[in-house]
1. Specify which residue in the list GLY64, TYR93, ASN132 is farthest towards the positive end of the charge dipole of the chain, using unit charges on the beta carbon of Lys, Arg (+1) and Asp, Glu (-1), about the Cα centre.
2. As a check on your grasp of the helix formula, calculate [θ] at 222 nm for the chain: sum -39500 (n - 2.57) over DSSP H runs of n ≥ 4, divide by the residue count, round to the nearest 500.
3. Suppose R0 equals 41 Å; then what is the FRET efficiency for SER162 and ARG266 from their Cβ-Cβ distance, rounded to the nearest 0.05?
4. Remind me, relative contact order of the chain in percent, using alpha carbon pairs under 8 angstrom and six or more residues apart?
5. In Å and from the alpha-carbon atoms only, list the Rg and Dmax of segment 252-369.
6. Compute the distance from the alpha-carbon center of segment 227-247 to that of segment 34-107, in whole Å.
7. When the Cα centres of segment 193-222 and segment 119-146 are compared, how far apart do they sit, in Å?
8. Working from Cα positions, state the angle (0 to 90°, nearest 10) between the long axis of helix 166-183 and the longest principal axis of the chain.
Amino acid sequence: MSDLEVQGLVKRFGNNLVVDRVSFHVNDGEFFVLLGPSGGGKTTILRMICGLEVPDDGRVVLNGQDVTKLNPRQRNLGMVFQDYGLYPSMDVYGNIAYGLEARHVSKAEIQKRVPLAAAKLGLTSHLRRNVNDLSGGEQQRVALARILVKDADAFLYDEPLSNLDPKLRYQARRDIVSVHHTKQKPSVYVTHDQTEAFAIADRIAVIAKGHLQQVGTSDELIEAPANMFMARFVGAPPMNLLKGNLMRKDMEYAVQAGENQFPLPRKWAHTLEQYGEKALVLGIRASAVFPHWQFPSLDYDPHIFHAEVVAVEALIGEVNVTLKLGNGNEIVAVWSDEALPESGDIVQVGIDAETFCLFDAATEEALEKSS
């Protein structure tokens, strides 16, 4: 059994705080993704895990052992860098074998492991070629083969697909997942691409401006964002956010946003009884807005609005439709590409209130609905 734990990591470069008290736990056999915008601190966290950066505070614990002060070689980690970190003076065989040789693995064992890893990643015919003669996708597979031969306690990936074109990224992603399933060890993967993260992650930690924003599965991040940053960052298109005021009549609550009133389900009542502010922000997922000809089968009636179609953006298999609800309120919906309206049309839409999210207007933190 292996696990990896990051406890309160802090890193400063001069006066710049780039990682601020970040903690998370990666379970044995879990594929864990650090997702976030560029410059948010993801790679710095990974470099502290592998020992290339020393934290100003906090600990890295691997299999129950504090490895914070150990050098990279003492940590027994496998890592794939963004630039692959290959040795240009060596052939493919030499690059794959190098890490084993550095650990004084026997020659016989190296001769056994390298061909097996090469075969798994389709590199057998390239073993005696210089890595400079390989394509980007082939070099990426050499970097994966180099960690595949290791008996590491955990595996780290620092945006390993960023140098590949879209066609190669799909195959390379499958190769990485294949390596992970073979090893069944904790894996930490850094990316700024949420499509990539959602495709491969068991769980995702979103890092921005050095802070851990939220940890969860892709569904949890989309359906229950922890704050307004998460609502804006996750999803394509992201969640619609409407500024409004809380209205109450008897025990019924609604959000008044401009000319539009959005009644809230009863499950919000207990939370809103305790909420001491009037201003809040209503979150509406794009997938929760339906045209009248595509109303889903629900156990309850959706809220019905008339809206003006502002823009229609056709994508592959779906369409983003921008709608004006009145008084300047605009929301984006994702609809299927059948019988679509045109800009300027007035359409009837239904909004599934059961999926609403509410945020404190001042702190931008999500309100938790009652169970």
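The values are calculated or read from the model by the stated rules, or taken from the named source; none is laboratory data. Computed from a predicted structure; not experimentally measured. Cβ: placed from backbone, ideal geometry, glycine included. Neighbour counts: every protein chain shown. In case anyone asks, the SASA skips ligands and DNA or RNA and just uses the protein heavy atoms, side chains included. Shrake-Rupley method; radii C 1.70, N 1.55, O 1.52, S 1.80 Å.
1. TYR93
2. Here the helix-only value at 222 nm equals -7000 deg cm²/dmol.
3. Using R0 = 41 Å, I get an efficiency of 0.30.
4. Working: 747 pairs, mean separation 58.6, N = 371.
RCO, the chain: 16 percent.
5. When restricted to the Cα atoms of segment 252-369, Rg and Dmax are 15.1, 45 Å.
6. Spelled out, the Cα-based centre of one part sits 37 Å from the other.
7. Segment 193-222 and segment 119-146 have Cα centres separated by 30 Å.
8. Value to nearest ten degrees: 70.
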